[in-house]
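The values are calculated or read from the model by the stated rules, or taken from the named source; none is laboratory data. Treat the numbers as computed from the prediction; the structure is a model and nothing was measured. Please note: Cβ atoms are built from the backbone with ideal geometry, for glycine as well, and neighbour counts cover all protein chains shown. For the accessible areas, the whole protein counts, side chains as well, though only heavy atoms, and no ligand, DNA or RNA atoms are used. Shrake-Rupley method; radii C 1.70, N 1.55, O 1.52, S 1.80 Å.
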Amino acid sequence: MQTNSEEIIPLPLNFKTHANFNLENYKDLQASFQQDYLGTWAKLAQEELFWHKDFLQTLDDSEKPFYKWFPDGETNISYNCLDIHLKDRGEKAALIFEDEAGESEAFSYKVLHARVCEFTAYLKNLGVKKGDRVCIYMSLCPEAIIAMHACTRIGAIHSVVFAGFAAHALKDRIDELSAKILITQNGFYRRGKMVNLLEVATEAISGNSPIEDLLIFKRVKEPLSLQSSLKIQIHDVERELKNLVHLAIKNLNLSTHEVPEQTPEWLSGNDTSFILYTSGSTGKPKGIEHNTAGYLLWAKLTSKWVFDLKDEDVYWCTADIGWITGHSYVAYGPLANGATVFIYEGAPNFPEADRYWALIEKYKINIFYTAPTAIRSFQAWGLEYIEKHDLSSLRLLGSVGEPIGTETWKWFYQNIGKSKCPIVDTWWQTETGGIMISTLPGVNYMIPGTAGPALPGISAEINPEGLLHISKPWPSMLKGVYKNPDRYIKGYWTTIPDSYLPGDLADIYAEGYIKIGGRNDDVINVSGHRLGTAEIETALAKHQTVNESAVIAIPHAIKGEGIVAFVVLKQGLMNSTDSQQSHGSTEERERILKEHVANEIGAHAKPERIIICEALPKTRSGKVMRRLLKDIAQDRLPEGDLSTLEDKDVVAKLLAVAKLKR
Ligand code: WT7
């Protein structure tokens, strides 16, 4: 297929000449991968990572698809992000943080390293060791990143749970992980209101829980109330850390307040570094397990190539550490390159809708990586917020999480990048560990709305049905689904033999440019967050009034997709005026069910609409006809073949209730 050449946006000349990765590097690397695929990965791994023990084997595929990268080499993620910079970049800012109230804090590489070592010692003191699962339920703050690094330093497997998840969702993850340690904080501010994370964390571990130690960072002024009926150890991290450091200093006769360095645990390249849960097409989220060396290698290389990270840059990725983007492109990839990473804990429209632009101006941000849903909000809030600020420090923009769409792309390009900053539209997933498809800002022209070619080393292909797949293993691929090898094989490796199936539809154009079409499964994308329709249905089924439900997505102007749930109530709860009196009105029921989903999963999963109906449209074989529900939810007369419907009257009834609710 050809692309319309009018849509092509050339790269600015200065990028072509000064980029970390230029056309020549690109051609050489492509040729090298073609000649010797594994040899090229081996060479990159030797050049980019510090190895405590060199690897002899690049890839062990003897048990594919359980591919093992660099299995006999020894390295450490945190060491590669921090220690290696101490000599040349010790005083350079590694992390700059601002909270919603405007308080800021900067950490040099030396200080960040010391803080990580301190927390490592603290965790070791609690008995945390290699392979233990540690759950982190925190906001986007320096302490969360320190905790992540302390885990990888020990070889403990961290599992960060996004702070927007509800107690039930947190509990499910803790239980499956058999995590003994939960690290949290007493709260943080969002739109000026305190979010009481500790309360949710406590609820998640009340009753039967594998958690033995609850670690609390004091992040808001409210006093820590540590009395609890929980039969576990509760720790005031700040206070205990101080004691620990004092003790260490006394024992080691250190004269300064220096923390004894914590030698990292040397891990096999294939040891698990972290597990991050993501939604799939069943009711239960899956624990995506990542390796150590291959993951870091690709996080480092893609940060350097795609974001063109330079030593003098201030880089800002707005993703939360609760998602994969916050792992690969906040906590690890940029630090592995010795970059200065900016993070902001708060809402983009607090106190005003210009907060992001004020931050870009204040910190002279050069690289800004965000999500289409955020860009659509900026668009809706209006240009006046942008025009108030000097954004001239920006030199590169990035987008991730969902298809950006041509119009939003152009708006971002013109109004934020002032038509001089390249945009990298990066396609990847929790499972891929790092960016797979994107233009490179020193190499490839841009086509608004089209992500771009696969990166060097990534074998992206599209089958005749339009399914995107990756036909060769790559270093940062997931190593499996935690405790569920079957789900790993069936979900990713069965549809197209020997090829990894991400679940996205795509088109391919001239010069290998790939346009992502959206998901091909029952996974929906709300504000760049993946949610399974079955996951929401499972949450609804837990409510005492619900008999069954079917969840679908409809287009949403800001969120990309919005959730609509068709719900059939238990017998006796429908229609009758009597029951309305005793159980509340339909509107009340809908509100309760929306809240229920938010309480089960998290606020981001709250349906836009609940449509209570008498019956779901099912085929004779009992399958819910979702395309029909999609039409109905959008006030469209259902199209296509309805002959397989078991009860044709259901359509008219559904149309009537859906309209009634408007
Ligand atoms: C799904 C992965 C990758 C980190 C954030 C989301 C969609 C992601 C793009 C993009 C079109 C995209 C895909 C993918 N997606 N980036 N640039 N263009 N779609 O990670 O939660 O694992 O979701 O997000 O559908 O499969 P995730």
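If R0 equals 51 Å, the separation of the Cβ atoms of Ala510 and Phe50 corresponds to a calculated FRET efficiency of about 0.80. Under the criterion of Cα pairs below 8 Å and six or more residues apart, the relative contact order for the chain equals 13 percent. Taking the Cα centre of the chain as reference, the dipole from Cβ charges on Lys and Arg (+1) and Asp and Glu (-1) amounts to some 740 debye.
Treating each Cα of the range 317-363 as an identical point scatterer and summing with the Debye formula, the log10 of I(q)/I(0) at q = 0.18, 0.32 Å⁻¹ comes to -0.60, -1.10. Counting only protein heavy atoms and a 1.4 Å probe, tell me what percentage of the range 495-568's accessible area is made up of carbon and sulfur. Here carbon and sulfur together make up 50 percent of the probe-accessible area. Using the Karplus relation 6.51 cos²θ - 1.76 cosθ + 1.60 with θ = phi - 60°, the per-residue 3J(HN,Hα) values for the range 170-175 come to 5, 4, 4, 5, 4, 5 Hz, with x marking Gly and Pro. Accessible area of Trp411 (1.4 Å probe, protein heavy atoms only, ligands and nucleic acids ignored): about 30 Å².
Applying the Karplus relation 6.51 cos²θ - 1.76 cosθ + 1.60 with θ = phi - 60° to the range 322-330 yields 3J(HN,Hα) values of x, 10, 4, 4, x, 7, 6, 10, 10 Hz, where x marks Gly and Pro.
Can you bin every Cα-Cα distance in the chain into 20 Å intervals starting at zero and give me the percent of pairs per bin, rounded to whole numbers? Percent of pairs per bin, in order: 18, 52, 27, 3, 0. The three principal axes of the C-alpha atoms in the range 299-387 carry coordinate ranges of 37, 26, 20 Å, sorted with the longest axis first.
Per residue, the chain exposes an accessible area of 41 Å² to a 1.4 Å probe, with every protein chain left in place. Residue ranges 641-653, 330-342, 494-506 sort as 330-342, 494-506, 641-653 when ordered by packing (mean number of other C-beta atoms within 10 Å per residue, highest first).
Taking every alpha-carbon pair in the range 607-662 and binning the separations at 5 Å intervals from zero gives 4, 20, 34, 26, 12, 4, 0 percent. Each residue was assigned an accessible area with a 1.4 Å probe, and for Glu465 the value is about 130 Å².
Residue ranking by accessible heavy-atom surface, 1.4 Å probe, largest first, among Leu637, Leu86 comes out as Leu637, Leu86. Take Tyr122: with every protein chain present and a 1.4 Å probe, its accessible area is about 10 Å².
The value of relative contact order for the range 524-660, using C-alpha pairs under 8 Å at least six residues apart, is 22 percent.
Projecting label points 7 angstrom from Cα along Cα→Cβ for Lys653 and Lys130 puts them 6.2 nm apart. Scaling against 2.2 N^0.38 Å puts the C-alpha radius of gyration of the range 524-660 at 1.02.
Backbone amide hydrogens, once placed in the peptide plane, bring Gly562 within less than 5 Å of Ile554, His556, excluding anything fewer than 5 places away on its chain. Summing charges over neighbours of Lys310, with a neighbour being any other residue whose Cβ is under 10 Å away from its Cβ, gives -2 when K and R count +1 and D and E count -1. Computed over neighbours whose Cβ is under 15 Å from that of Glu465, the net charge equals -3, Lys and Arg +1, Asp and Glu -1.
In angstrom, the C-alpha Rg and Dmax of the range 375-443 are 13.1, 40.
In a DSSP loop and with at most 13 other Cβ atoms within 10 Å, the GluC sites (Glu not before Pro) in the range 1-80 are Glu63. According to the square roots a ≥ b ≥ c of the eigenvalues of the Cα gyration tensor, what is the shape class of the range 80-130, taking rounded for a/c under 1.5, prolate for a/b larger than b/c otherwise, and oblate for the remainder? Oblate is the answer for the range 80-130, as a/c is 1.5 or above yet b/c matches or exceeds a/b. Summing charges over neighbours of Asn484, with a neighbour being any other residue whose Cβ is under 13 Å away from its Cβ, gives +3 when K and R count +1 and D and E count -1.
For the range 403-408, the Karplus equation 6.51 cos²θ - 1.76 cosθ + 1.60, evaluated at θ = phi - 60°, returns couplings of x, 7, x, 4, 5, 5 Hz by residue, with Gly and Pro reported as x.
Total lysine pairs in the range 480-609 at Cα distances under 24 Å, for residues eight or more apart or on different chains: 9.
Residues Trp409, Trp266, sorted by accessible area with the largest first, give Trp266, Trp409 [1.4 Å probe; ligands and nucleic acids excluded].
For Arg627, Arg589, Arg89, the ranking by accessible surface with the largest value first comes to Arg627, Arg89, Arg589, using a 1.4 Å probe.
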